[in-house]
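Quick notes on the structure that follows.
Just so you know, all these numbers are worked out from the coordinates, no wet-lab data involved. Predicted model, so just to flag it, every value in this text is computed and none were measured. Cβ coordinates were reconstructed from backbone atoms using ideal geometry, including for glycine residues, and neighbour counts include every protein chain displayed.
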Amino acid sequence: MSKKTLCVMVLVLVGMFRFPARASDTLPIELQVVPSEVRMGLSYNGVEVSISGEIPSGSEVLVRIMGKPEHQRLKKKGRALGLLWMNMGAVSIDNVPNVFLLYPSAALADFARSQPGQWRRLGLGFEALKNRVEILPSTEDKDTLFGEFVKLKEDAALYGTIQDAIHYKEKGGGEKSFTCVAPLPSNLPQDEFSIDVVAVKDGAIVARGTAPIRAVETGVTARLSSLAFNHGILYGVLAVLVAILAGLLTGVIFKGGKGAH
């Protein structure tokens, strides 16, 4: 066997073992989520979810709660003739989650601000989300429209970056534990969401874990929702009757109050 052939074989063998080794560099994170199901009844006004696990020492953690991709169609506002604000058409935004909430550690939030290029390459934040969405018509300014879309979602508390939610405890043995107390909004949609946790060290992802969480309507809220979706006509009639009764009751109360003076 020639020396040249031997060198080629060695390089091939090195390549075969090298790439799987890189893939195994990202360690798994086992997550504990409490509660794993959010039950939304009449008294539901938001909830805090506890997410915990263990990551390598020296790394920083980001928790991301994200809904399933969906299609959004929005009206575009503009000033007609430079005078009146009017609907100027519609835009479609595809592949956007209904919920996108980030809970970074304080150090990781500082890293995102001070090293925006490296943070962008990790593909974890809103910039990465913008790169995945599709806005139609394609002639629209994607940066501007996506920014306005995010503001709408932030006003509804369905998008956002929540600070001071991560707490650490050193364990030794090259690991530390984390707990994320993640507040979820009162208008959380009924759906299944993904909890994604990544540990970042020296600008690279070193560990990752995923767990599901469900939000379900219960009690009267669930029955009303089922009635609205499955028996629309009956729901509409009942809604009108309730509105009429409420109006009559309000009239009686105010009339009685006026006569008493």
Long-range amide H partners of residue 218 with built H, under 5 Å: 40, 41
Per-peptide average of other Cβ atoms within 10 Å, ordering 66-76, 50-60 highest first: 50-60, 66-76
Vicinal HN-Hα couplings computed from phi for region 92-109 (Karplus, 6.51 cos²θ - 1.76 cosθ + 1.60; Hz; Gly/Pro x): 10, 10, 9, 6, 10, x, 6, 9, 8, 10, 10, 10, x, 5, 4, 5, 6, 5
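Which pairs in the list 153/176; 68/171; 130/151 are over 24 Å apart, alpha-carbon to alpha-carbon?
Values: 153/176 34 Å; 68/171 35 Å; 130/151 13 Å.
Over 24 Å Cα-Cα: 153/176; 68/171.
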Amide H within-cut-off set for residue 207, under 5 Å, with H built and near neighbours excluded: 27, 199
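Could you give the length gained by full extension between residue 194 and residue 246, i.e. 0.36 nm per residue of separation minus their alpha carbon distance, to one decimal place? Before the final figure, lay out each step's value.
Numbers: separation 52, 0.36 × 52 = 18.72 nm, distance 4.10 nm.
Full extension from residue 194 to residue 246 adds 14.6 nm.
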Using θ = phi - 60° and Karplus 6.51 cos²θ - 1.76 cosθ + 1.60, couplings along region 159-172 (whole Hz; Gly, Pro as x): 10, x, 10, 9, 8, 6, 9, 9, 10, 10, 8, 5, 10, x
Residue 71 versus residue 39: modelled label distance in nm, points set 7 Å from Cα along the beta carbon direction: 3.6
Region 182-202 residues near the modelled residue 48 label - backbone nitrogen below 14 Å, point 7 Å along Cα→Cβ: 182-185
Residue 106 paired with residue 177, simple spin-label distance in nm, labels 7 Å along Cα-to-beta-carbon: 2.1
